[in-house]
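Please read the structure below before turning to the comments.
Derivation of every value follows stated rules applied to the coordinates shown; laboratory data play no part. Fair warning: this is a prediction, and the values are worked out from it, not measured in the lab. Reconstructed Cβ throughout: ideal geometry from the backbone, glycine too, with neighbour counts over all protein chains shown.
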Amino acid sequence: MSTVAPARERDTAPTPAGIRRFSRPRRHLTSLSWSSLLYVAPALAFFAVFVLYPIGISVWYSFYAYDGLTEGTPVGLDNYTAVFTDPDLRAALLHSLVLLFFYAALPVAVGLLLAGAMSRIRVYGLTLFRAVLFVPQILSSVVVAVAWRNLLAEDGPVNAVLRAVGLGRFTTSWLGNFDTALPSIGVVGTWVEYGLCMVLFLSGIVAIDRSTYEAARLDGAGAVREFFSITLPALRPQISIALILTVTFALRNFDLIWNTTRGGPGTSTTVPSLYVYQDAFQNRMLGRASALAIVLTVVILAVVVAVQLLLRERDGTGRGPLRRATARPARKVQP
Amino acid sequence: MKSVRREVRRRVLRERAGGRAGGRAGAPRRAWGTAGAVALAAVLACAGCSAPGAGKSATAGTQSFITEPVTTEQVAALGDVTLRMWADQAEKPLMKSVVPAFEKKYPNVTVDITYKSFDDLIATVVNAASGSTPPDLFQGNIGYAVDGALVKAKLVRPLDDVAATYGWLTGTGASTLAPARWNSAGTAFGDGNLYGMSPISEVQGIYYNKALLKSLDLEPPRSLSDLEKDLPVVKAAGKQPVMLGNSDQYAATHIFSDLAVTEQSPASISDWIGGKAGTTFATDGNEKAADTMADWAKKGYFGSGYDGLSNEDAIARFAKGSGAFFVGGSWNGAKLDPEKFGFGALTTGGAGATASPWHIAASSKATPAAVAFLAALHTPEAGQEILDTGRLPVVTDGVKGANSLQSQTLDVLKRTIAAGTQVGYYDWSATDMLSVMGGKLQEVMAGRTSSAAFTKAVQDSWQKARKSE
């Protein structure tokens, strides 16, 4: 423990939580000095120019009918009412909810499964597997889109495999069929995201004290029990992060859809960000595009906050599953 | 071992305590921080809170009209000047021959071209034109999204004087100028002042696989009715009649357009596309054409999975021998082997007109050089070069095809222009028309909606676009 830097030592000194809770804000107030602000100034300036300013511009534009060239006319909240009353947009939002399952829920589930398996079974060349499974995450989304367009084509490999195993009657043009286009894009998203989830979870699992597993095994817990009683609760922060990343990806998803179906066939794969792009760059309706973008941002923020609240670590009195899982075997093993 | 475990547990406790403290005491602080950031953002953006774009006054400037062709002396008077241009990537082969000749003729001018993909170009060129240093000469795109916006904001110079001086208003290419004519408000086109010029023409027709037709004892089709007779024969022989790639949603609308124009007068369609008040898309002819599309799709004439195939992939497959016919624009011909494929006319007309027109920036300081460059594009020599590089020129006099497919295509162009049946493209009619019409037509072809619902949806969108102006 002596290797820990002094500052951190002080910050996280093993004093009872109560004292820390009250002392921290006070220290924060007194230590806020101009010199410390100077250190963050470059980053802050960057942040202000490239993040805050554009956000402010979007908010500003959203109250105008503006084509980006000639003087805009103020329209009050019209752009926002349009966002909430447009039936096309409502359909698009519904598609987003479907995609949430494929882009967030499924990757987290698959990631957990893989991470759980990898942590338990000794896999030779684990690093290699991990790297390979992570590859979809680092590929450019255009590359992913083009590759999957070919995989899912009428005469693509997916259908070839189906035909080879005698499931020929299930073949279809996956991205060109009204019923399969949205789930197909969903599967592509799952493929992109599960690697990230898996790597996150693996790193979380490494941090779990091995002795808790030993203890659980001594208690006669099987693989499934171990997973649900130890691994899953301990991964709560990682799951939270994974969900925040994947949910954001799902709701602001644009490039994959633009490069596979452009929202088609018909309007079966439209999503809100598709309309943001079309309104801003094709229809030159910057006001409406901004309003939609801001609503989308607020929705994403709300969902992220909800995820954070749901997966927040419980209070000591609440006794979350992690506490039970770690505490019980520990007590038993001790003489 | 035990001490390690205790240490771990202590650390877990500590972390949890930290998390809790952050969660409780930190939340309001963070909320304040967020509120502050948003307020700061609003202040940064909304300096003075006037309407966006209020500061930008259109710099129409004093326009010097020309009555005589620009001379080398006039261009030389500009001194050493750079002619800055933005162009579609597809123009590269043509520019490779035109630019060196131009720079030789006008030695004081350096041509500097920024090439962009078509999608990129139309998404960014309006902003570039409205910037502080716009390119002198650039390509827009017919329709409201690009050309309409440019005209409305007075960013491009009217070219009526140039067209009259250089004789563009007579001859084979004259009719191709119509889509670049706008009313001064930028709200309707097809008539009014001329704001752009394209040296490249486009025509729709029927590409056919010579060998496949021969094996089925079929004559090359010379019209849509010929095609209609051939389709069941090809289908019965177990081949795919028409190769279609419609994932980009536009290819099917072109075939629809070719059908629709046989059901009504081409002029009535052009009027509707140009935004003429009182016209409608909900006509019997359009419904009938949509029904035919649905019928062909149902009978399998387009094969299956066309909605999952891009036009690019479709023409590649057609080039490799699948499909007897490919109904589409002349730009697809560059991908086909002229020995193996032929091109049949749709003199009844259909979609087609010109490629993206060139515009001269209203604020350009090198206008004489820009005019001279446009003039250089509108010559028989440039026309030949255009045909040689796989496209169709507007100036067709004295231009000769290098192979049978090129000659056929050129012939089809001349005949279609002579018949006056080219109606332009439906998606010019409103900025979101491509996705509305393309998407709805996909639904009609899949049997998920009626042709009446299709024409109504399209008309509603057209109406909405008129209202918002």
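Taken along its principal axes, the alpha carbon cloud of the protein assembly as shown reaches lengths of 103, 68, 50 Å, longest axis first.
Seen from all directions on average, the stretch B:338-422 presents a Cα convex hull projection of 6.6 nm².
Model label points for B:ALA282 and B:ALA185, set 7 angstrom from Cα along the Cα-to-Cβ axis, are 2.4 nm apart.
The calculated FRET efficiency for B:ASN403 paired with B:GLN463, based on their beta-carbon distance and R0 = 45 Å, is about 0.45. In straight-distance terms, cross-link reach from B:LYS154 covers every one of the lysines whose alpha-carbon lies under 21 Å from its own, apart from those fewer than eight places away in the same chain; here that gives B:LYS56, B:LYS365. Taking every residue in B:120-129 and counting other chain Cβ atoms within 10 Å of its Cβ, the average works out to 2. In percent, rounded to a whole number, the relative contact order of the stretch A:240-285 is 27, using alpha-carbon pairs under 8 Å and six or more apart.
The H on the amide N of A:GLY68, modeled in the peptide plane, is under 5 Å from the matching H of A:LEU286, each at least 5 residues off or on a different chain.
When you restrict to C-alpha pairs under 8 Å that are six or more residues apart and normalise by the size of chain B, the relative contact order lands at 21 percent. Given axes a ≥ b ≥ c from the Cα gyration tensor, I'd like to know whether the stretch B:411-469 is rounded (a/c under 1.5), prolate (a/b larger than b/c) or oblate. Since a/c reaches 1.5 but b/c is at least a/b, the shape of the stretch B:411-469 is classed as oblate. Among residues other than A:ALA293 with Cβ under 10 Å from its Cβ, the summed charge is +1 (Lys and Arg +1, Asp and Glu -1). Spin-label pair A:SER203-A:LEU113: with each label point 7 Å from Cα along the Cα-Cβ axis, the two points sit 2.4 nm from one another.
State, as an integer percentage, the relative contact order of the stretch B:220-297 based on alpha-carbon contacts under 8 Å between residues 6 or more apart. Computed value for the stretch B:220-297: 22 percent relative contact order. Note on A:171-179: average number of Cβ atoms from other chains within 10 Å of each residue's Cβ is 5.
Let me make sure I get this right: for chain B, a, b and c are the square roots of the gyration tensor eigenvalues over alpha carbons, sorted descending. Under 1.5 in a/c it's rounded, otherwise prolate if a/b > b/c, else oblate. Which is it? It is oblate, given that a/c is not under 1.5 and a/b is not larger than b/c. Here's the list of aspartates and glutamates a cross-link from B:LYS105 could span, going by alpha-carbon distance under 16 Å and ignoring same-chain residues fewer than 8 apart: B:GLU73, B:ASP80, B:GLU381. Can you run the Rg to Rh ratio on the stretch A:188-234? Use alpha carbon positions and the Kirkwood inverse-distance Rh. Rounded to two decimals, Rg/Rh equals 1.11.
Label point of B:LYS299 set 7 angstrom out along Cα-Cβ; within the stretch B:212-227, amide nitrogens under 15 Å from it belong to B:224-227.
For the stretch B:405-469 versus the stretch A:67-112, the spacing of their alpha-carbon centroids is 27 Å. Helices assigned as whole DSSP H runs in chain B whose Cα atoms extend at least 20 Å along their own long axis and whose mean Kyte-Doolittle hydropathy is 0.5 or higher are found at B:26-45.
In the structure shown, the pairs B:LYS210/B:LYS298; B:LYS92/B:LYS116; B:LYS320/B:LYS340 are assessed against 19 Å; a Cα-Cα span above that value is assigned to B:LYS210/B:LYS298. Extension gain, B:ARG415 to B:SER117: 0.36 nm times the residue separation minus the Cα-Cα distance gives 104.2 nm. Straight-distance candidates among the aspartates and glutamates for linking to B:LYS456, with alpha-carbon spacing under 16 Å and chain neighbours fewer than 8 residues away dropped: A:ASP88, B:ASP284, B:GLU287, B:ASP291, B:ASP427, B:ASP432, B:GLU443. A crude spin-label estimate for the pair B:LYS335 and A:ASP86, with each label 7 Å from Cα along the Cβ direction, gives 3.1 nm. Separation of the stretch B:323-375 and the stretch A:149-220, taken as the distance between their Cα centroids, equals 45 angstrom.
Across peptide A:62-74, the average count of Cβ atoms from other chains found within 10 Å of a residue's Cβ is 6.
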